[in-house]
Amino acid sequence: MKRLSIISFLILLLFQTACREEFGKTLFGPDKTVAPEEMTDKELVFVNTTEVSDISSAGEITVDPVDVIFSSAQPIGQTKDVTVSAKLKDGKMSMDNVFYLNVLEEETILSTFKDNAGYGVDFLPETAYKLVNDMVVFEKDGKNAVNSCSIRITNSQSLQINKDYLLAIQLETVPGFNIEETNKIVFIHVKRKGGSGEMEGAADFRPMSGDDKLDADGVDKGINRNNLYYETDEIDGLNSLSACTIEGLIYVDSFKDESERQDGTLGGISTLWGYEEFGDKVNFLLRFGDASVSTNMLQLVVNDNKYIINYKFKEKKWYHIAMTYDGTEIKFYIDYRERFSTNYSGNISLAGNSFNLGQSFNQWRGFNGKMSEVRIWNVSRTMKELKDNALDVISLDEEKSKLLAYWKMNKAMIGSDNKMIEDISGNNCHITVKRQGASGSSVEPVVVIDNDIDINI
């Protein structure tokens with residue numbers, strides 16, 4: 001019986017080998033199998049194709065995680081897909097090749113992630129993910145893979161509320177191909193948020209519909225024609241701050257075109273928050289672009305000190321951003337990760353004659369996108385506080401004493417004739433909707449809210 005079992009096993013092994021060889025012939029032709037091509041030092045690039053249709057335009061995988069966040073309002077069983085693929089840095093494949101994805105669960109992965117991201121995680125339970133396809137295929141004479149691998153993340157009961165999980169997926173190389181250490185693993189950060197952390201809407205700053213008669217000077221200047229912005233004249237408490245935090249959720253529909261730098265009124269600038277008087281006086285300003293700043297990078301201006309945040313934002317993607325000041329140091333966070341810090345002393349004033357959202361200096365520097373959950377605090381918030389309360393201030397009653405202003409931006413203020421958004425901090429810093437330029441228009445600006453949003457941070 002034992003001898004017979006061994007013979008049976010050998011027959012099965014031969015059968016499986018024949019099947020694999022036949023699979024290779026079917027997929028790649030009679031003369032090509034899945035064996036790696038005979039070359040050396042080809043540079044393979046691991047890319048994220050989740051939000052792109054063309055692999056050639058996909059961005060490289062980095063140590064920064066891909067965030068998959070479920071809210072308590074989303075049903076158990078709801079799924080989100082992360083897709084990845086590969087391309088060659090230079091040259092082409094001279095024969096067909098296949099590369100595979102591999103799930104990593106070594107403890108060193110967790111510590112590496114914590115060192116880079118700044119917070120601890122556990123490995124994602126197997127019940128919460130599935131490799132829908134784990135095979136990256138290159139065809140002969142190809143520079144880009146012909147398929148993307150799909151990783152399906154499920155909102156599972158096995159995920160503890162407000163606990164951070166990690167799924168680490170490595171692209172395996174074969175002889176003849178190299179890949180940079182910082183590029184070979186996609187870190188997928190998964191969280192099921194609970195509490196009251198629910199975002200309910202966002203104010204739309206994009207051009208309003210209706211009469212397009214005139215900009216302020218009777219001319220059309222770039223993407224900010226008829227864009228909306230918001231302003232508050234109530235600035236008590238927003239100035240001379242020994243400590244503060246300003247934070248919010250932003251979505252850029254489109255950045256200024258680089259060509260607009262040639263126009264002195266534009267400077268390639270899209271303003272988020274702050275106040276800028278005519279001339280050189282700036283108390284506080286946060287904006288995309290400037291004469292020497294890329295239109296998709298942020299510039300922070302504090303009392304005429306200019307700092308560039310070295311991070312390239314993408315269009316049509318939600319971000320949480322925050323500046324904190326504790327009396328000795330300014331820090332800037334993007335999606336709860338510290339991206340900039342500098343020593344600073346003295347008080348900070350956030351407002352001038354007013355505090356604006358979406359405008360500075362003139363009507364050509366508006367913001368073409370959406371905002372939500374904009375808050376100003378009289379304390380320096382920690383990374384954990386920023387992260388836990390990104391979509392809502394969970395313990396609002398407890399935190400109100402520290403809030404200087406809080407605009408949820410999810411609805412128009414009751415009794416404002418659709419002209420204002422309420423400051424729910426209790427400090428009456430309500431903001432009024434305005435229209436960029438268009439001084440000759442008869443169309444009045446109104447609050448525009450987008451309640452059909454999906455934030456994945």
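Listing for the model above:
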quantity	calculated
Relative packing of peptides 42-52, 172-182 - highest average C-beta neighbours within 10 Å first	42-52, 172-182
Unsatisfied cross-links (Cα-Cα over 30 Å) in the set 114/143; 191/434; 314/434; 87/317	114/143; 191/434
Alpha carbon Rg of the stretch 31-192, scaled by the compact-globule rule 2.2 N^0.38 Å	1.09
Which of 377, 364 has the fewest Cβ neighbours within 10 Å, and the rest in rising order	377, 364
Karplus (6.51, -1.76, 1.60) ³J(HN,Hα), θ = phi - 60°, over the stretch 43-54, in Hz, Gly and Pro reported as x	8, 9, 10, 8, 10, 9, 10, 4, 10, 10, 9, 10
Cubic angstrom per residue, convex hull over Cα atoms of the stretch 103-198	132 Å³
Model label zone, residue 310; criterion: amide N under 18 Å from point 7 Å along Cα-to-beta-carbon; scope the stretch 48-65	62-64
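Rule-based calculations on the coordinates, nothing more; no lab input. Values in this document were obtained by computation on a predicted structure and should not be read as measured data. Don't worry about glycine lacking a Cβ; one is built from the backbone with ideal geometry, like all the others, and counts go over all protein chains shown.
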